[in-house]
Amino acid sequence: MKTTGNTILITGGGSGIGLALAQRWHDAGNVVIITGRNSAKLTAAAAGRASLHAMPLDVTDPDTIAAFAQEVTDRFPALNVLVNNAGVMMHEAIDTRRDLADAELTVITNLLGPIRLIDALIDHLVTAPDSTIVNLTSGLAFVPLPRAPTYSATKAALHSYTQALRVQLEGKVEVIELAPPAVRTELTPGQSARENYMPLGDFADEAMTLFALEQTPSEILVRNVLPLRNAEADGAVAERLAFLKAL
């Protein structure tokens, strides 16, 4: 992936990991478009940055995605990088019958959202120079957090989808997976204050270093996520699942 001279679309770019990546890519000389459902948050995030643009988007609405894809490519015909970052995480008790609204929203946002947006933009991306798709999964794609079962499952599914996408788009669009560890953001209430989670700035800086390697890795893995990513190879899934159970 090129580090500069891109036009980059980042979903969920108004806060957290999405915003941290947007700011760093913008500082590196890229045009950046951030999306999200909160227009005020997007506007504040883009303030003072001439080539960082805010465009509202609800990735849970397929009709909105189709219209957005047409609008963004009309406004930014040089668009060549899509970063699927938007996501939700909810804690769920699944040991008794329940309302599945949270689980359904998680699947629609975290899995169908990226699939639909890729589909809406793929004809454009395959013709764009130096085009790249970056899908954000999670360390929990490899060892699930028991209290966030649907979130973990959607990230495992997106990991698998990304692998298949990479094969189908070989020679046309570069496909990269970025799998964060636990990072201090507001993905869940109070998460930004948890001392045992990776500081957001440290994560973004390390991720940018990996993106800047001469040959960008197909998986961007900061050091803190390696115990989960390598759990199966290390024969340590049960051990690391027990650790996550205790959190």
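The values are calculated or read from the model by the stated rules, or taken from the named source; none is laboratory data. Treat the numbers as computed from the prediction; the structure is a model and nothing was measured. With ideal geometry, Cβ positions are generated from the backbone for all residues, glycine too; neighbour counts draw on all protein chains shown.
Tabulated data
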{"read-out": "Residues of the stretch 126-171 classified as in contact with a strand residue (DSSP E or B) (Cβ under 8 Å, 6 or more places away or on another chain) and either modelled with pLDDT under 95 or hydrophobic (A, V, I, L, M, F, W, C) (or both), total", "value": "6"}
{"read-out": "Considering residues of the stretch 58-74 that are of a type in the set (Val, Ile, Thr) and in a loop (DSSP other than H, G, I, E, B) only, the residue surrounded by the most Cβ atoms within 10 Å (Cβ to Cβ)", "value": "VAL59"}
{"read-out": "Residue list for the stretch 94-146, filter: surrounded by fewer than 14 Cβ atoms within 10 Å (Cβ to Cβ) and touching a residue at least 60 places away in the same chain (Cβ under 8 Å)", "value": "ASP130"}
{"read-out": "Top-ranked residue in the stretch 18-52 [being in a helix (DSSP H, G or I) and among the charged types (D, E, K, R); ranked as surrounded by the fewest Cβ atoms within 10 Å (Cβ to Cβ)]", "value": "ASP27"}
{"read-out": "Residues of the stretch 101-132 satisfying the condition of being of a type in the set (A, V, I, L, M, F, W, C) and under 16 Å from the mean Cα position of the chain (by Cα)", "value": "VAL107, ILE108, LEU111, LEU112, ILE115, LEU117, ILE118"}
{"read-out": "Selected residue (criterion: nearest to the chain's Cα centre (by Cα)) from residues of the stretch 75-97 that are outside any strand (DSSP E or B) and under 23 Å from LEU169 (Cα atoms)", "value": "ASN85"}
{"read-out": "Residue that is hydrophobic (A, V, I, L, M, F, W, C) and over 20 Å from VAL134 (Cβ atoms), where the choices are ALA50, ALA20", "value": "ALA50"}
{"read-out": "Top-ranked residue in the stretch 204-226 [being in a helix (DSSP H, G or I) and in contact with a Phe, Trp or Tyr (Cβ under 9 Å, 6 or more places away or on another chain); ranked as nearest to VAL175 (Cα to Cα)]", "value": "PHE211"}
{"read-out": "Hits in the stretch 189-210 - residues which are buried (at least 16 other Cβ atoms within 10 Å of the Cβ) and either of a type in the set (Lys, Arg) or touching a residue at least 60 places away in the same chain (Cβ under 8 Å) (or both)", "value": "LEU200, PHE203, ALA204, ALA207, MET208"}
{"read-out": "Where a residue in the stretch 223-247 is of a type in the set (Lys, Arg) and its partner, wherever it lies, is in a loop (DSSP other than H, G, I, E, B) and at pLDDT 95 or above, with Cβ under 6 Å and at least six apart", "value": "ARG229/PHE142; ARG229/LEU221; ARG240/VAL143; ARG240/ALA231; LYS245/PRO146"}
{"read-out": "Single unsatisfied condition, MET55 versus (1) in contact with an Asp or Glu (Cβ under 8 Å, 6 or more places away or on another chain); (2) part of a helix (DSSP H, G or I); (3) without any contact (Cβ under 8 Å) to a residue 24 or more places away in the chain", "value": "(2)"}
